[in-house]
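One structure below.
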Amino acid sequence: MADGFLIASAAITIIPLLTLALGLLIGYLAQRSGFCSIGGMRDLMMFRHTRLFFGYLTLIAGGFLGYFIFWAIIPSAFPNFFWSMTQTNPLNPIPGAPGGLTVASYVILAIIGGFGMGFIGVLLGGCPLRQIIMGSEGNLRSLFFVLGLAVGAIIFHAWIVELVVAILP
């Protein structure tokens, strides 16, 4: 049983409401700004436009800063936040990752998933977050992408992961 900083009766109410509020805020900001990580890379490489790219960097920095501030206030909330500094072997998997996989399996699965998502994202002209936003705006192509993303995740975990684990020792 995990030790938490909220009692169970409070967490049952607070966590879903906080998650919904943050999701609505992030979705609103992403929709209003036209945020897209793949579009940011595309614009930087092809046109030397940096607006979307700096939005991507800001998202990464804001996420790290938010976790760091939360960890500084309540250190027991993230006991493995700086896990790489406490490991003797830097190739150990991140705590909470699926067990039973080798480091090579994690790397190969990350490459397969990243390449597939990047390739499809470039063909569609946007990252998954942008596709979800455009799907909610009524774009049918993006809506089918989101449905395909869900089906693809099921197929990936049902067959591709098993195949990689069976091939690698």
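The values are calculated or read from the model by the stated rules, or taken from the named source; none is laboratory data. Keep in mind that this is a model prediction, so the values were computed, not measured. Note: ideal-geometry Cβ built from the backbone for every residue, glycine included; neighbour counts use all protein chains shown. For the accessible areas, the whole protein counts, side chains as well, though only heavy atoms, and no ligand, DNA or RNA atoms are used. Shrake-Rupley method; radii C 1.70, N 1.55, O 1.52, S 1.80 Å.
If Ser105 passes every condition in (1) farther than 20 Å from Arg42 by Cβ; (2) surrounded by fewer than 14 Cβ atoms within 10 Å (Cβ to Cβ); (3) small (Gly, Ala, Ser) but one, which one does it miss?
So the condition that Ser105 fails would be (2).
Can you go through Leu25, Leu29, Leu6, Leu18 and tell me which one is under 23 Å from Met117 (Cβ atoms) and of a type outside the set (Phe, Trp, Tyr)? Steps first, answer last, please.
Numbers: Leu25 fails: under 23 Å from Met117 (Cβ atoms); Leu6 fails: under 23 Å from Met117 (Cβ atoms); Leu18 fails: under 23 Å from Met117 (Cβ atoms).
Of the residues listed, the single one that is under 23 Å from Met117 (Cβ atoms) and of a type outside the set (Phe, Trp, Tyr) is Leu29.
State yes or no: is Gly148 at pLDDT 80 or above and under 18 Å from the mean Cα position of the chain (by Cα)?
yes
So which residues in segment 15-51 are without any contact (Cβ under 8 Å) to a residue 24 or more places away in the chain, among the β-branched types (Val, Ile, Thr) and surrounded by 12 or more Cβ atoms within 10 Å (Cβ to Cβ), if there are any at all?
Ile15, Ile26, Thr50
Find the residue count for segment 123-148, including only residues that are closer than 22 Å to Val107 by Cβ and open to solvent by 40 Å² or more (accessible area, probe 1.4 Å).
0
Could you tell me which of the residues Phe54, Phe64 is aromatic (Phe, Trp, Tyr), open to solvent by 60 Å² or more (accessible area, probe 1.4 Å), assigned to a helix (DSSP H, G or I) and within 22 Å of Met134 (Cα to Cα)?
That would be Phe54, the only listed residue that is aromatic (Phe, Trp, Tyr), open to solvent by 60 Å² or more (accessible area, probe 1.4 Å), assigned to a helix (DSSP H, G or I) and within 22 Å of Met134 (Cα to Cα).
Of all residues in segment 153-167, how many are among the β-branched types (Val, Ile, Thr) and open to solvent by 60 Å² or more (accessible area, probe 1.4 Å)?
Residues that pass the stated criteria total 3.
Within segment 117-143, which residues are within 12 Å of Gly39 (Cβ to Cβ) and among the charged types (D, E, K, R)?
Arg130
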